Amino acid sequence: MVRNALGRMIPEEIDGRILRPFNGAHADHGGGRKASPPIRAVVDYENKVRKSLDEAIEACEIKDGMTVSFHHHLRNGDHVVNMVIDKLAEKGLKGLTIAPSALFPVHEPLIRHIENGVITHVEGSMNGPVGRACSLGKMSKTSILRSHGGRYRAIQDGDLHIDVAFIAAPAADSFGNCNGRTGPSACGVMSYALADSQYADRVVVLTDNLVPFPNHPWIIRGGNVDHIAVVEKLGDPGQIVSGTTMITKSPTRLLIAKYAAQLVSDMGLIEEPEFSFQAGAGGISLAFIKYLGDMLRERGAKADFARGGSNKFLVDMLEEGLVQYILDGQCFDGVGIRSLRENPRHVETDPFTSYCYHEKGNFATRVRAAVLGATEIDLDFNVNVNTHSDGWLLHGIGGFTDVCDAYCTIITAPLLRGRLSTIVEKVTTVTAPGETVDVLVTEQGIAVNPARKDLLERLKGTRIPMRSIAELRKMAIDIAGEPEKPQFEERIVALIEYRDGTVIDTVRQLKV
């Protein structure tokens, strides 16, 4: 074991892979060569449309121990992951790695395939029941959690080799050109599958909406697709909208959102000529967007762009002229899907341009204010979004560590969740290092990372209720007391990989 730059103990090797410990948020300067997919020839692709998904799978010659990937734009409405893994299990395959950009509660049936050895582990992201199974040590190998940008980097750099990519396409033509804009399973943006299509050895497109050639715009290019399988239904787009994409009604959380918007205003960011912002899909973030919109409207100001996930609130601002562009990575509701389809200022983007660290720049650094949630934050501003205070691994990283490249990264969280303090001495799991986190906003006050002296200077003389993070933690502990710490076994069940490919922390099997 070696100690990384945050003091976390990291194994030097796991499952035969040599690990690099985290050495600082921007210590890595690249190097090496990108991975490359096999070279194919046109002569072998006269007809890509297969009679069935079974025929497409058969054509891919999948073997035990291979890696198969999926994208997550249908979120909790996705049927594809379960459908494909069920078929691979029926064929008797074992020891598979699955590499999804995210898993949701709808993917709970995967647990039986984990228990019977069809799946060894997950490389990517998992939310809910599959994460809980990981915490219980049900996976035979160690899972690797990556951010959206980190997953792209890993595919591009060759750390994550995909044997077969299965891409759910709400609209596809017989050449394989795909987008997510029309059809019964329209999900809007589907660009998180782009890296899979470019680097996987084989690419299978599943669609329930085969449209005439040319299907344009082609987010997934037909020249990267091996096989097309028409299925009855990709999923339920109604489930794209989940409880996390509804604006909060809690007075406490509304106050936090109001403070966050006031903070952005008092720092003078709104009046800047290239103001831009990003907020997540949680209730506080959506309320923040609403309050920010009110401020822009009152001052006759506008934002250069907003970084999506898109939703009704962002689209309303776009259509009112309060935002000039939405640069979108995923659609969180039907309004976002409609806007992407109809509005040329609603632009589909992929993690190569928005998040990937091993690129010649990305536009995450151009975002001026980013508002994110967290399960825990500690006195050094390190943030945990993966495990809860009771130790359960229940969330993926999403774009969290990528978004933290913004000029001002703002964490919004209530002082207490239930009877537990959100602010802890040391987070259970480090997802993002404190050096990339600038402000914590709670209903009891706002704490600025002391390292951001420029932000403290901007806020001098404002009426923002400023406190130190230690003061906020004391307030929480005085109310609720010190929480009991979760107990873990020795076995490491998951690595938290930072966006540059180093390991920032580990997750151990929960003692239950």
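The values are calculated or read from the model by the stated rules, or taken from the named source; none is laboratory data. Keep in mind it's a predicted model, so treat the numbers as computed, not measured. Cβ sites come from the backbone with ideal geometry, for glycine too, and all protein chains shown count toward neighbours. Note: areas computed on protein heavy atoms with side chains; ligands, DNA, RNA excluded. Shrake-Rupley method; radii C 1.70, N 1.55, O 1.52, S 1.80 Å.
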Yes or no: region 159-174 includes at least one residue that is out of contact with any Pro (no Cβ under 7 Å at 6 or more places or on another chain), open to solvent by 30 Å² or more (accessible area, probe 1.4 Å) and within 28 Å of GLY361 (Cβ to Cβ). yes
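Can you name every residue in region 356-375 that is of a type in the set (Val, Ile, Thr) and free of Cβ contacts under 8 Å to residues at least 60 places away in the same chain? Spell out the reasoning first.
Here is the first cut: in region 356-375, the residues of a type in the set (Val, Ile, Thr) are 365, 367, 371, 375.
Within region 356-375, THR365, THR375 meet the criteria.
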Anything in region 328-355 that is surrounded by fewer than 24 Cβ atoms within 10 Å (Cβ to Cβ) and without any contact (Cβ under 8 Å) to a residue 60 or more places away in the chain? List them, or say none. VAL335, ARG338, GLU342, ASN343, PRO344, ARG345, VAL347, THR353
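From the list ASP402, ASP378, ASP438, which residue is in contact (Cβ under 8 Å) with a residue 60 or more places away in the chain, among the charged types (D, E, K, R) and closer than 30 Å to HIS72 by Cβ?
Values: ASP378 fails: in contact (Cβ under 8 Å) with a residue 60 or more places away in the chain; ASP438 fails: in contact (Cβ under 8 Å) with a residue 60 or more places away in the chain.
It is ASP402.
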Output the qualifying pairs, or none if there are none: Cβ atoms under 9 angstrom, residues six or more apart or on different chains, first residue in region 308-321 and closer than 11 Å to ILE337 by Cα and small (Gly, Ala, Ser), second residue open to solvent by 10 Å² or more (accessible area, probe 1.4 Å) and part of a helix (DSSP H, G or I). GLY309/THR245; SER310/VAL335; SER310/ILE337
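What do you reckon, is ASN362 under 18 Å from ALA406 (Cα atoms), polar (S, T, N, Q) and either at pLDDT 95 or above or out of contact with any strand residue (DSSP E or B) (no Cβ under 9 Å at 6 or more places or on another chain) (or both)?
Against the criterion (under 18 Å from ALA406 (Cα atoms), polar (S, T, N, Q) and either at pLDDT 95 or above or out of contact with any strand residue (DSSP E or B) (no Cβ under 9 Å at 6 or more places or on another chain) (or both)), ASN362 qualifies.
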When the residues of region 183-232 are filtered to those that are open to solvent by 40 Å² or more (accessible area, probe 1.4 Å) and in a strand (DSSP E or B), which remaining residue is nearest to PRO170 (Cα to Cα)? LEU210
TYR325 fails exactly one of the following numbered conditions: (1) under 20 Å from the mean Cα position of the chain (by Cα); (2) at pLDDT 95 or above; (3) open to solvent by 20 Å² or more (accessible area, probe 1.4 Å). What is the number of that condition? (1)
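Consider ILE247 carefully, then state whether it is within 20 Å of the chain's Cα centre (by Cα), at pLDDT 90 or above and not acidic (Asp, Glu).
So ILE247 does not fit the description; no.
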For region 452-465, check the following and say yes or no: at least one residue is part of a loop (DSSP other than H, G, I, E, B) and hydroxyl-bearing (Ser, Thr, Tyr). yes
Please verify whether PHE166 is aromatic (Phe, Trp, Tyr), at pLDDT 95 or above and under 23 Å from THR353 (Cα atoms), treating the condition exactly as stated. yes
Residue list for region 484-512, filter: closer than 21 Å to PHE381 by Cβ and crowded, with 18+ Cβ neighbours inside 10 Å: ILE496, GLU497, TYR498, ARG499, ASP500, THR502, VAL503, ILE504, ASP505, THR506, VAL507
Which of the residues that make up region 93-119 are in contact with an Asp or Glu (Cβ under 9 Å, 6 or more places away or on another chain) and either among the charged types (D, E, K, R) or more than 18 Å from GLN330 (Cβ to Cβ) (or both)? LEU93, LYS94, GLY95, LEU96, THR97, ILE98, PRO109, HIS113
If you check ASN4, ASN76, which single one turns out to be at pLDDT below 95, surrounded by 12 or more Cβ atoms within 10 Å (Cβ to Cβ) and under 27 Å from ALA102 (Cβ atoms)? ASN76
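Mind listing just one residue for me: the one in region 414-440 that is in contact with a Pro (Cβ under 7 Å, 6 or more places away or on another chain) and assigned to a strand (DSSP E or B) and, of those, modelled with the highest pLDDT?
SER421
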Under 8 Å between Cβ atoms, which residue pairs at least 6 apart in sequence (or on different chains) link something in region 476-498 that is over 15 Å from GLU123 (Cα atoms) and polar (S, T, N, Q) with a partner that is modelled with pLDDT under 95 and open to solvent by less than 10 Å² (accessible area, probe 1.4 Å)? GLN487/GLY391
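For region 423-440, does any single residue satisfy the condition of being closer than 16 Å to LEU269 by Cβ and surrounded by 18 or more Cβ atoms within 10 Å (Cβ to Cβ)? Break it down into steps so the answer makes sense when it comes.
The initial filter retains those residues of region 423-440 that are closer than 16 Å to LEU269 by Cβ, namely 438-439.
Still in the list and also surrounded by 18 or more Cβ atoms within 10 Å (Cβ to Cβ): 438-439.
Yes, region 423-440 has at least one match.
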Select from region 40-60 the residues that are touching a strand residue (DSSP E or B) at 6+ places or on another chain (Cβ under 9 Å) and without any contact (Cβ under 8 Å) to a residue 60 or more places away in the chain and write down the one among them that is most open to solvent (accessible area, probe 1.4 Å). LYS51
Conditions: (1) more than 22 Å from PRO37 (Cβ to Cβ); (2) modelled with pLDDT of 95 or more. GLY235 meets all but one. Number of the miss? (2)
Looking only at region 447-471, count how many residues are at pLDDT below 95 and among the aliphatic types (A, V, I, L, M). 1
How many residues are within 24 Å of the chain's Cα centre (by Cα) and either over 21 Å from ARG146 (Cα atoms) or part of a loop (DSSP other than H, G, I, E, B) (or both) if we restrict to region 6-22? 5
